[in-house]
Amino acid sequence: MTISRPHSQFPWLKSRFRAVAGPWNRIGMQTKFYGNTLRSIHYAFTYYRIELIRLIAQMGLGAGALIIIGGTVAIVGFLTVTTGALVAVQGYTDFSEIGVEALTGFASAFFNVRLIAPATTAVALSATIGAGATAQLGAMRINEEIDALEVMGIRSVAYLASTRVVAGLLVVIPLYCVGVIAAFWAAKFGTTFIYGQSTGVYDHYFRTFLNPTDLMWSFIQCVVLAVVIMLVHTYYGYTARGGPAGVGEAVGRAVRTSLILAAFVLVMMSLAVYGQSGNFNLAG
Amino acid sequence: MFVGGIGAYGGEENAKEDPVMVASNVIAKPVRGVGGFYAMALDTFVAMVKPPFAWREFISQSWFVARVSIVPTLMLTIPYTVLLTFTFNILLTEFGAADFSGTGAALGTVRQIGPIVTVLVVAGAGATAMCADLGARTIREELDALRVMGVNPIQALVVPRVLAATLVSLALSATVILVGLAGAYLFCVYIQHVSPGAFAAGLTLIIGAADVTIALLKAALFGLSAGMIACYKGISVGGGPAGVGNAVNETVVFTFMALFAINVVATAVAVKVTM
């Protein structure tokens, strides 16, 4: 696009400055949006309760074609079943190389809780309810429905973004439980049924090393991740532009950003919680 | 030669408001989706070996996917490897075998983190953009225009995209493994004070050339299926602008599900092969 305009002073310097300042401005705008969303949560509870309940129902079950394959619960369950099965496949074979395949139950209790369940749940959340929220909000934005809301005097951030963040926060609680149980079950099924380890041996090591405190921390990690993911996804949906393709690109960008942020949050929280000591005793 | 008509792969449906039809649609829709996907996949494989090959589109798509994927790849690999090495080292320290942290890092990076991160990035970055692009073209009826002009959209648009996704994820997984090992090295040596020599010596204890080959093969397989799913969802979009957003959402979900499932099967096969 070439627009003729009067010759400006220091064009190189100005364009350099814009190139440097642009990303910083974007970060600032995002932070402002996140602050706005979190601050408006009380409006969601006082004024938009019906919308909130509708969103919770919709997120739990999924929308559109996703409902046919069982909704969000089924997708989270499926992803964690596959990663739990991975623990069985990889753990059993690696441990049996050094003759301690009895410890597969320990691997399930240790790695599933600390690493795999939160990471997989984050991925699943971002793909299902996160990407869904971006697609919905993006479509609303390019159809100018969000502007219409503003004109009608409805607080669009509270009505659209805050309600979704709260709904995500509430929906992740049962989803995480489903995910962890599915991962445990898949690891046990793979080890005992397919590789033929006795269930007594598996259960003994699994129960010995399953630490309730770890499980609590992993749960808290998931709740924090859900909030981060929903914030990122609502931002990209709320600010989508550029027609139908723009909505699709916004979904992609939101998935990328939320996955990266989720990974960083997970690492930081793990380092903070487990620290150098590791909060772990093999000898019991 | 097959040049599909409007909604050749079950994209546009004329749903009737008859309750029996609606009920049968609920059952038939996923089945029709699977059938449409297989039909497109077969057409794509046939078109792959049939000249003319769309070189320009292939190169520009490869460049595009590589460009959107490289930064997320690096940003995702580093935290995941640090997390894995950290968790693994807790265990190893407890055994008194912290010197073997290199083995743990190699095991985790080559066997799981490499393919999984490649999956996440190719699906999250490459496939979504492809689906959005193709979906927007579909609802603007550009694909129909191509068919009218006698150009097969599968050959002109889908084949180069699928091959580009395959090639780039192959290259990405190599990058992920290298970056992951470098990250694990820095984390172990400078933060957890493992001696560098012991780390390097432990790297190849369990993981050998066979594992690396399998990791690369897995990544190529992932790229192929992610590209396929993205293109299928893209060319079967219906329902205007909201439809494109939903199609991208479904692409993400279906690619993640397909890839996680493929990963388990591929890992089980790989374990048998390398034993």
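The numbers here are math on the coordinates, done by the rules we state, and not lab data. These figures come from a predicted structure and were not determined experimentally. So basically every Cβ, Gly included, is an ideal-geometry build from the backbone, and we count neighbours across all protein chains shown.
Here are B:110, B:122, B:82, B:117: which of them is of a type in the set (A, V, I, L, M, F, W, C), at the interface with chain A (Cβ under 7 Å from one of its Cβ atoms) and closer than 22 Å to residue A:83 by Cβ?
Values: B:110 fails: at the interface with chain A (Cβ under 7 Å from one of its Cβ atoms); B:122 fails: at the interface with chain A (Cβ under 7 Å from one of its Cβ atoms); B:117 fails: at the interface with chain A (Cβ under 7 Å from one of its Cβ atoms).
After ruling out the rest, the residue left standing is B:82.
Condition check ((1) within 11 Å of chain B (Cβ to nearest Cβ); (2) of a type in the set (Val, Ile, Thr); (3) under 16 Å from residue B:91 (Cα atoms); (4) touching a residue at least 24 places away in the same chain (Cβ under 8 Å)) across all residues:
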{"position": "A:94", "(1), (2), (3), (4)": "yes, no, yes, no"}
{"position": "A:98", "(1), (2), (3), (4)": "yes, yes, yes, no"}
{"position": "A:103", "(1), (2), (3), (4)": "yes, no, yes, yes"}
{"position": "A:110", "(1), (2), (3), (4)": "yes, no, yes, yes"}
{"position": "A:120", "(1), (2), (3), (4)": "yes, yes, no, yes"}
{"position": "A:126", "(1), (2), (3), (4)": "yes, no, no, yes"}
{"position": "A:129", "(1), (2), (3), (4)": "yes, yes, no, yes"}
{"position": "A:144", "(1), (2), (3), (4)": "no, no, no, no"}
Can you spot a residue in the range B:192-206 that is buried (at least 20 other Cβ atoms within 10 Å of the Cβ) and closer than 23 Å to residue A:120 by Cβ? no
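Among the helices (runs of 4 or more DSSP H) confined wholly to the range A:9-110, which include 1 or more residues that are within 24 Å of residue A:164 (Cα to Cα)?
Once the helices (runs of 4 or more DSSP H) in the range A:9-110 are filtered for at least 1 residues that are within 24 Å of residue A:164 (Cα to Cα), what remains is A:11-39, A:41-46, A:49-61, A:71-86.
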The residue that is surrounded by the most Cβ atoms within 10 Å (Cβ to Cβ), considering only those in the range A:171-220 that are free of Cβ contacts under 8 Å to residues at least 12 places away in the same chain and not in a helix (DSSP H, G or I), is A:198
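Quick check: anything in the range A:228-235 in contact (Cβ under 8 Å) with a residue 40 or more places away in the chain, farther than 18 Å from residue A:125 by Cα and either more than 18 Å from the chain's Cα centre (by Cα) or more than 10 Å from chain B (Cβ to nearest Cβ) (or both)? It would help to see each step written out before you state the result.
Narrowing the range A:228-235 to residues in contact (Cβ under 8 Å) with a residue 40 or more places away in the chain: A:229-235.
Remaining after also requiring farther than 18 Å from residue A:125 by Cα: none.
No - not one qualifying residue is present in the range A:228-235.
Hey, among the residues in the range A:251-262 that are among the hydrophobic types (A, V, I, L, M, F, W, C) and more than 8 Å from chain B (Cβ to nearest Cβ), which one's surrounded by the fewest Cβ atoms within 10 Å (Cβ to Cβ)?
Restricting attention to the range A:251-262, the residues satisfying the condition of being among the hydrophobic types (A, V, I, L, M, F, W, C) are A:251, A:254-255, A:259-262.
Checking which are more than 8 Å from chain B (Cβ to nearest Cβ) leaves us with A:254, A:261-262.
Working: A:254: 30, A:261: 19, A:262: 27.
Among them, the one singled out is A:261.
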Given the condition farther than 26 Å from residue B:127 by Cβ, away from chain B (no Cβ under 14 Å) and in contact with an Asp or Glu (Cβ under 6 Å, 6 or more places away or on another chain), answer yes or no: does some residue in the range A:172-188 qualify? no
Helices (runs of 4 or more DSSP H) wholly inside the range B:86-169 containing at least 2 residues that are surrounded by 24 or more Cβ atoms within 10 Å (Cβ to Cβ): B:101-106, B:114-121, B:128-139
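Taking the residues in the range A:9-65 that are among the small types (Gly, Ala, Ser) and farther than 25 Å from residue B:248 by Cα as candidates, determine which candidate is surrounded by the most Cβ atoms within 10 Å (Cβ to Cβ).
So in the range A:9-65, the residues among the small types (Gly, Ala, Ser) come out as A:15, A:19, A:21-22, A:28, A:35, A:40, A:44, A:57, A:60, A:62-65.
Among the residues that remain, those that are also farther than 25 Å from residue B:248 by Cα are: A:15, A:19, A:21-22, A:28, A:35, A:40, A:44.
Values: A:15: 11, A:19: 9, A:21: 11, A:22: 10, A:28: 11, A:35: 11, A:40: 20, A:44: 25.
So, considering only residues that are among the small types (Gly, Ala, Ser) and farther than 25 Å from residue B:248 by Cα, the one surrounded by the most Cβ atoms within 10 Å (Cβ to Cβ) is A:44.
Are any residues in the range B:69-85 out of contact with any Phe, Trp or Tyr (no Cβ under 6 Å at 6 or more places or on another chain) and either free of Cβ contacts under 8 Å to residues at least 40 places away in the same chain or crowded, with 20+ Cβ neighbours inside 10 Å (or both), and if so, which ones?
Residues of the range B:69-85 out of contact with any Phe, Trp or Tyr (no Cβ under 6 Å at 6 or more places or on another chain): B:69-78, B:80-81, B:83-84.
Result: B:69, B:71, B:72, B:73, B:75, B:76, B:77, B:78, B:80, B:81, B:83, B:84.
Working carefully through the options B:130, B:75, find the one that is over 20 Å from residue B:196 (Cα atoms), touching a Lys or Arg at 6+ places or on another chain (Cβ under 9 Å) and more than 8 Å from every other protein chain (Cβ to nearest Cβ). Please lay out each step first, then the result.
Working: B:75 fails: more than 8 Å from every other protein chain (Cβ to nearest Cβ).
None of the others qualify; the one that does is B:130.
How about the range A:131-142: which of its residues are small (Gly, Ala, Ser) and within 7 Å of another protein chain (Cβ to nearest Cβ)? Reasoning before the result, please.
Step one: of the range A:131-142, the residues small (Gly, Ala, Ser) are A:131-133, A:135, A:138-139.
Hits for the range A:131-142 are A:131, A:132, A:135, A:138, A:139.
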For the range B:240-265, which residues satisfy the criterion of being free of Cβ contacts under 8 Å to residues at least 40 places away in the same chain, more than 7 Å from chain A (Cβ to nearest Cβ) and either in contact with a Gly (Cβ under 7 Å, 6 or more places away or on another chain) or assigned to a loop (DSSP other than H, G, I, E, B) (or both)? none
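Can you confirm whether the range B:61-72 contains a residue that is at the interface with another protein chain (Cβ under 7 Å from one of its Cβ atoms) and within 20 Å of residue B:172 (Cα to Cα)? Step through it out loud before you land on a result.
To start, the set of residues in the range B:61-72 that are at the interface with another protein chain (Cβ under 7 Å from one of its Cβ atoms) comprises B:72.
Now drop any that are not within 20 Å of residue B:172 (Cα to Cα), which leaves B:72.
Yes; the residues of the range B:61-72 include at least one that is at the interface with another protein chain (Cβ under 7 Å from one of its Cβ atoms) and within 20 Å of residue B:172 (Cα to Cα).
Go over the candidates B:198, B:174 one by one and state the one that is more than 26 Å from residue B:43 (Cβ to Cβ), in a helix (DSSP H, G or I) and touching an Asp or Glu at 6+ places or on another chain (Cβ under 6 Å). Walk me through how you get there before you give the answer.
Working: B:174 fails: touching an Asp or Glu at 6+ places or on another chain (Cβ under 6 Å).
It is B:198.
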Residues being within 14 Å of chain A (Cβ to nearest Cβ), of a type in the set (Asp, Glu) and touching a residue at least 60 places away in the same chain (Cβ under 8 Å): count how many of those fall in the range B:133-160. 1
